[in-house]
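K.L.:
Dropping a structure here in structure tokens format, bear with me for questions.
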Amino acid sequence: MKRDIRSLTYDELNNEIISLGLPKFRAKQIFEWLHKFGVDSFDEMSNISKDLRARLSESFFISTCEIEQKLVSKIDGTVKYLFRLHDGEYLESVIMEYKHGYTICVSSQVGCKMGCTFCASTLAGFKRNLEAGEIEAQLHAAQKDLNIRISNIVLMGIGEPLDNYDNVLSFIRNVNNENGLNISMRNISLSTCGIVPKIRDLMNEELPITLTISLHAPNDEIRSRTMPVNNKWGVDEILSVCREYIAKTNRRVSFEYTLINNVNDSDKCALELSKKLKGMLCHVNLIPVNDVAERGNVKSSIDRIHKFEQILKNNSINATIRRTLGSDINASCGQLRRKRGGVIENRC
Ligand code: SAH
């Protein structure tokens, strides 16, 4: 079976090139075509001989993302893509423009196993992990389509990145490689629902990326109601590994806190959260929950969100309310794939 050449790290590609009896500089050339220029076929590699291109295509293919659907927000220009993969599966990515440049929110899996009750990503079921090259192909497809250069990456799309650890790590190393997109690790955020042993593995890699934890509740009683993963690793265990992470990497940890009306948005929750995070090098991102028809999510009122933020700040916790982008195109992930998945299911 052919392998995806864009999923190989620089060192792995180097080894493949050496095993083909080729000089090392070929690995650099091919890596640049795949990762800096984001080509979708071997034929575009114009400084590689026809013969070598043919040899490469005997063992490898190049993962691509074909645009199946594209939505552009009339409010703020946020772009949301539904991409089709080589095996007919779908994934979603969102491009947001900030003052500091373009950020992409990438998917790490086709679907998700985590089952958070407010999230759309789980609805169409889990299909498979994405290869490192497929995670990266989302950047190349968007850059080409929009004629832009992406400077920041958030692993906050469909899927749980730490449930696809090795591929996500290869992806991070490849986009950071100076012969590729050369995106600084400091411009990469990885968001997790809290898979504690994998957070510890990530900590030991000592990468200067930003770790983001989807916390959404100050205690196990509330968190387990919305996030089944909490039955395995509870709030205190997550906060404890975060303290280890901060001590080891000296990097601030971010907490995502999605506010859901009457579930996790009371003054009591804000006070309890403040107590638990006291003294920690961290930041809390407050997010009004997005509507997902089947989920029946009910947003907290703006006043409630501001009050929650104020309580955290009064207790010396760094907190901001996230600006909502792409609200007219349902920019939160999981919704397009689910609709598309529905069509396919009907056909079968
Ligand atoms: N699995 C990872 C990353 C993907 S989800 C994680 O859990 O962090 C990215 C973020 O969006 C998470 O913080 C998730 O909890 C949040 N999210 C999911 N559905 C949402 C919704 N309907 N409204 C607001 N945030 C949501």
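Laboratory data are not the source of any read-out in this text; all were calculated from the coordinates shown. The structure displayed is predicted, hence computed values, not measured ones. With ideal geometry, Cβ positions are generated from the backbone for all residues, glycine too; neighbour counts draw on all protein chains shown.
K.L.:
Just need a number here: residues in the range 299-334 that are surrounded by 15 or more Cβ atoms within 10 Å (Cβ to Cβ) and part of a loop (DSSP other than H, G, I, E, B).
P.N.:
Selection size over the range 299-334: 11.
K.L.:
Scan the range 287-303 and report the pairs whose first residue is over 12 Å from His216 (Cβ atoms) and hydrophobic (A, V, I, L, M, F, W, C) and whose second residue is within 11 Å of the ligand (Cβ to nearest atom) and assigned to a loop (DSSP other than H, G, I, E, B), with Cβ atoms within less than 8 Å and a gap of 6+ or a chain change.
P.N.:
Filtered contacts from the range 287-303: Val292/Phe118; Val292/Cys119; Val292/Ala120; Val292/Leu123; Val292/Ser332; Val292/Gly334; Val298/Val289.
K.L.:
Looking at the range 192-216 only, could you name the residues that are within 11 Å of the ligand (Cβ to nearest atom), touching a residue at least 40 places away in the same chain (Cβ under 8 Å) and outside any strand (DSSP E or B)? Steps first, please.
P.N.:
In the first step, residues of the range 192-216 are kept if they are within 11 Å of the ligand (Cβ to nearest atom); the result is 192-195, 211-216.
From what is left, the residues that are touching a residue at least 40 places away in the same chain (Cβ under 8 Å) are 193-194, 211-216.
Across the range 192-216, the qualifying residues are Cys193, Gly194, Leu215, His216.
K.L.:
Only one residue in Gly125, Gly88 is away from the ligand (no atom under 16 Å from the Cβ) and on the phi > 0 side of the Ramachandran plot. Which one? Break it down stepwise before answering.
P.N.:
On the way: Gly125 fails: away from the ligand (no atom under 16 Å from the Cβ).
Going through Gly125, Gly88 in turn, the sole match is Gly88.
K.L.:
Got a sec? Which of Leu130, Leu85 is out of contact with any Pro (no Cβ under 6 Å at 6 or more places or on another chain), buried (at least 20 other Cβ atoms within 10 Å of the Cβ) and within 29 Å of Tyr257 (Cβ to Cβ)? I'd like the intermediate steps shown before the answer.
P.N.:
Values: Leu85 fails: within 29 Å of Tyr257 (Cβ to Cβ).
Only one candidate qualifies: Leu130.
K.L.:
Could you give every pair whose Cβ atoms fall below 7 Å, whose first residue belongs to the range 143-168 and is in contact (Cβ under 8 Å) with a residue 60 or more places away in the chain, and whose second residue is within 15 Å of the ligand (Cβ to nearest atom) and among the acidic types (Asp, Glu), counting only separations of at least 6 or pairs across chains?
P.N.:
Gly157/Glu92; Ile158/Glu92
K.L.:
Find the strands (runs of 3 or more DSSP E) located wholly in the range 23-135 whose residues include 3 or more that are touching a Ser or Thr at 6+ places or on another chain (Cβ under 9 Å), and list them. Break it down stepwise before answering.
P.N.:
Details: elements: 66-72, 79-84, 90-98, 101-105.
Because the criterion is at least 3 residues that are touching a Ser or Thr at 6+ places or on another chain (Cβ under 9 Å), the strands (runs of 3 or more DSSP E) in the range 23-135 that meet it are 79-84, 90-98, 101-105.
K.L.:
Sticking with this one: Check whether at least one residue in the range 169-182 is surrounded by 20 or more Cβ atoms within 10 Å (Cβ to Cβ), within 16 Å of the ligand (Cβ to nearest atom) and either touching a residue at least 24 places away in the same chain (Cβ under 8 Å) or of a type in the set (D, E, K, R) (or both), and report yes or no.
P.N.:
Among the residues of the range 169-182, at least one is surrounded by 20 or more Cβ atoms within 10 Å (Cβ to Cβ), within 16 Å of the ligand (Cβ to nearest atom) and either touching a residue at least 24 places away in the same chain (Cβ under 8 Å) or of a type in the set (D, E, K, R) (or both), which makes the answer yes.
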